[in-house]
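Everything below concerns the one structure shown next.
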Amino acid sequence: MEIFKQTNFDFLGKKWPFITLSLVLTAAGLVSLALKGGPKYGIDFNGGALMDVNFIKRPPAEAIRSALHKKISGEIEVQEVANSQEALISTGVRDEKGLQIARSDMISTLNAAFNLNAAGKLDINTAGQSALADGLRDPLASAGVALSDDQLQSLTKQITTYRDTPPRSGLIRNLDELSTVSGVTPQILNVIKQQCFIGSFNIWRVEIVGPKIGADLRQQAINVVLIALGAMLVYIAFRFEWIYGVAAVIAVFHDTIITIGLFSLFNKQIDLTVIAALLTLVGYSMNDTIVTFDRIRENLKLQIRGSFTHIVNLSINQTLSRTILTSGLTFLTAVSLFLFGGQVLNGFSFALVVGIIVGTYSSIFIASPILIFWQNIAERRNRRGTPPALDTRTRTVSKPVKSVKTEKPVKAVK
């Protein structure tokens with residue numbers, strides 16, 4: 001399928017605006033990284049505790065931060081999730097003992113600050129199945145509701161499953177909702193109302209990573225990216241020529257630096273999902289570059305007339321439809337993830353959106369000009385190494401030698 005047929009856009013004639021843009025983005029990213037002391041790593045790489053809290057009505061971030069500072073020492077970051085009632089709470093607790101108690105301290109602090117009407121009751125929004133069963137066992141027996149342990153476990157499982165499935169997603173806003181749950185009779189519902197209250201938040205996700213594990217993960221992530229780039233350089237150098245491999249790796253390295261720089265400029269964290277996105281982009285951008293290089297090699301074999309710049313420009317035009325189809329569809333998918341994927345996929349989708357844009361134009365305006373630059377250097381070297389008599393700039397053409405007439409062939413005798 002071709003969107004454009006026989007196009008003749010002068011891509012390489014417009015390369016300098018894109019090269020300038022790349023230099024500006026690269027410089028801005030590197031300056032930001034230098035000022036901030038490197039990338040902003042998530043707890044996957046730094047170690048610490050992260051809690052994703054879903055509120056019925058989210059309090060201001062400053063109120064959450066102030067409440068946690070009273071109980072937990074060290075830096076605490078509260079990030080509000082746009083268009084939702086979520087808040088991401090992270091703490092940079094570094095010692096192993098501190099990490100073990102971080103979760104319970106954060107939950108108890110949030111309960112004390114935002115569940116003021118608890119009065120010793122069980123929070124229906126944060127209680128697990130076992131805690132809910134233990135809290136209801138004796139009150140149900142006192143109310144004359146005879147349930148075996150298996151029946152009680154089944155009942156509490158039904159309640160927690162109902163609570164954790166959309167559209168509630170961990171938050172019950174009215175205890176009367178539980179009347180629709182299988183096994184919840186009016187008598188059981190009265191006991192639940194007496195023993196439970198509606199908490200103002202739900203702990204949606206908790207991550208705890210030790211500092212040693214975080215450092216190991218960070219080093220492994222760096223090694224994986226470098227190994228991927230090195231392996232691709234070797235493959236392309238073997239499959240094409242070494243300069244093709246160098247040009248492709250420089251373009252991919254350019255994409256990675258700009259993407260990481262934009263993460264620093266927008267103050268976004270780099271975690272394992274972002275590394276997965278970067279590796280995806282390395283392969284994606286490399287594949288896009290190889291397609292263009294392969295067409296350049298085919299056109300060189302066909303001995304198409306014109307300069308090397310003309311052949312490269314022609315090859316880019318011939319692969320334009322393929323580039324638009326693959327990059328365009330992938331870009332739409334990445335944008336959808338970025339807009340609707342939620343906070344967990346925000347870093348991953350942001351890296352994809354940025355990487356697809358940068359990776360697509362780097363194949364055309366970064367990798368291809370490198371080939372032309374090297375070809376021009378090679379041609380200048382060849383001209384300097386050519387003897388003066390054969391130099392096309394000073395060569396004189398001698399008079400043509402007249403052809404010598406040959407005798408007529410003797411006819412054969414019959």
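The values are calculated or read from the model by the stated rules, or taken from the named source; none is laboratory data. Nothing here was measured: the structure is a model prediction, and the numbers come from that model. Here the Cβ positions follow ideal geometry from the backbone for every residue, glycine too, while neighbour counts run over all protein chains shown.
Mind counting the residues in the stretch 228-239 that are over 19 Å from GLY359 (Cβ atoms) and of a type in the set (A, V, I, L, M, F, W, C)? Outline the logic, then answer.
We begin by selecting, within the stretch 228-239, every residue over 19 Å from GLY359 (Cβ atoms); these are 234, 237-239.
Going one step further and asking which of them are of a type in the set (A, V, I, L, M, F, W, C), we end up with 234, 237-238.
Within the stretch 228-239, residues that are over 19 Å from GLY359 (Cβ atoms) and of a type in the set (A, V, I, L, M, F, W, C) number 3.
Among residues of the stretch 11-39 being part of a loop (DSSP other than H, G, I, E, B) and buried (at least 18 other Cβ atoms within 10 Å of the Cβ), the one that is farthest from the chain's Cα centre (by Cα) is PHE11.
So GLU207 clears everything in (1) under 21 Å from the mean Cα position of the chain (by Cα); (2) in a helix (DSSP H, G or I); (3) under 29 Å from LYS57 (Cα atoms) except one condition, right? Which one? Condition not satisfied by GLU207: (2). Between ASN223, ASN202, the distinction of being among the polar types (S, T, N, Q) and surrounded by fewer than 18 Cβ atoms within 10 Å (Cβ to Cβ) belongs to ASN223 only. Within the stretch 55-65, none of the residues are under 30 Å from ALA251 (Cα atoms) and either modelled with pLDDT of 90 or more or in a loop (DSSP other than H, G, I, E, B) (or both). Of all residues in the stretch 267-283, none satisfies being surrounded by fewer than 16 Cβ atoms within 10 Å (Cβ to Cβ), over 15 Å from the mean Cα position of the chain (by Cα) and not small (Gly, Ala, Ser). Candidates ALA112, ALA127: the one that is part of a helix (DSSP H, G or I), at pLDDT below 90 and not hydroxyl-bearing (Ser, Thr, Tyr) is ALA112. Return the residues of the stretch 293-348 that are out of contact with any Ser or Thr (no Cβ under 7 Å at 6 or more places or on another chain), among the small types (Gly, Ala, Ser) and not in a helix (DSSP H, G or I); say none if nothing qualifies. Those that are out of contact with any Ser or Thr (no Cβ under 7 Å at 6 or more places or on another chain), among the small types (Gly, Ala, Ser) and not in a helix (DSSP H, G or I): GLY306, SER307, GLY342. In this structure, is SER285 among the polar types (S, T, N, Q) and at pLDDT below 90? So SER285 fits the description; yes.
Please pick out the residue among SER182, SER169, SER200 that is of a type in the set (Ser, Thr, Tyr) and over 30 Å from VAL81 (Cβ atoms).
On the way: SER169 fails: over 30 Å from VAL81 (Cβ atoms); SER200 fails: over 30 Å from VAL81 (Cβ atoms).
Testing whether each residue is of a type in the set (Ser, Thr, Tyr) and over 30 Å from VAL81 (Cβ atoms) leaves just SER182.
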